[in-house]
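J.: Submitted below is the structure of interest, expressed as structure tokens.
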Amino acid sequence: MAPMSDDSPQPATPEIVVAGPEHLDGLVACHRASFSRHGNVIMGLGKGLLRSHCRFYIERADAICVVALDAQGRVTGFVLGGSPDLQRRFVRQHAVHMALAMLLRAPFNASLRRRLWAAVRRVAGRAGRCLGLVRQEASPEPAVTEPEGRWGTLYMIGTRRDARGQGIGEALMRRFDEEAARQGFRTMRLVTKAQNEVAARLYARAGWQKVGSVGDLDTYERKVGGLPSSPSA
């Protein structure tokens, strides 16, 4: 008996491209389809801020925004990163909007409540130390030192739930590496929750190495270059 052939359609290889303004709507939709509203602070603050955040990474010259497109042109995955102060700059630009959104939405979002409470404790702690009311305690964990040369961050990577298991994350990592090299970065870093085992496996396959931990957050690092080129580069 001849072996039976598998005629089931295979998913097409996604096209991996640097995002432009024409990808903004798809990037926002992909972001919403990749993360839980309560597990991602930008999404938890509303679609308007999420859209501003995506546009920020598309437009900034020192940012890297790469997307995966399926055969229909739908954005099925993305990766954001670039200069290490990008996120801080975004927060400064939108501080009032973000603060109001957090206050309005925190009663209905446990993740936002935890972040607000953590922010209040940080501010109170700094004020207490400045006034001499709180003793400066030595950190039980050493700070992660900055790498030598120009370095940047991989801020966020996501894949639509209905497009996972197709190698999109690794393809995005390869193109991200190429863009980082093109922009002159020597080292890239990322921070992730220590219990995120799925992400840790992806980072390990892409050559990232853990270089330190602070609380429940792990810091990973890799030298730019050395990953196989992406097919659509």
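J.: So how far apart, in nm, are the two label points at Leu217 and Asp85 if each is 7 Å from Cα heading toward Cβ?
T.: Taking the two extended label points, one gets 1.8 nm.
J.: Can I ask one more? Mind ranking 165-173, 202-210, 88-96 by how tightly packed they are, going by the mean number of other C-beta atoms within 10 angstrom, highest first?
T.: 165-173, 202-210, 88-96
J.: Report the calculated FRET efficiency for Leu104 and Glu148 (r = Cβ-Cβ distance, R0 = 41 Å), to the nearest 0.05.
T.: For Leu104 and Glu148, the calculated efficiency is 0.40.
J.: Amide H of Met156 versus every other amide H placed in the peptide plane: which residues, excluding those fewer than 5 positions away on the same chain, fall under 5 Å?
T.: Counting only residues 5 or more places away or on other chains, the set is Leu80.
J.: Report the FRET efficiency, 1/(1 + (r/R0)^6), for Gln72 and Thr13, where r is their Cβ-Cβ distance and R0 is 22 Å, rounded to 0.05. Could you put the intermediate results ahead of the total?
T.: Numbers: r = 14 Å, r/R0 = 0.63.
Efficiency, from the Cβ-Cβ distance: 0.95.
J.: Using the basic label-point model (7 angstrom from Cα toward the beta carbon), what is the Val96 to Arg51 distance in nanometres?
T.: Here the modelled spin labels are 2.0 nm apart.
J.: Let me ask something additional. At a Cα cut-off below 22 Å, give the lysines reachable from Lys193, other chains included and same-chain residues fewer than 8 away excluded.
T.: Cα-Cα hits under 22 Å: Lys210, Lys223.
Values quoted throughout were computed directly from the atomic coordinates according to the rules given, and no laboratory measurement underlies them. Remember, predicted model here, so these are calculated numbers, not experimental data. With ideal geometry, Cβ positions are generated from the backbone for all residues, glycine too; neighbour counts draw on all protein chains shown.
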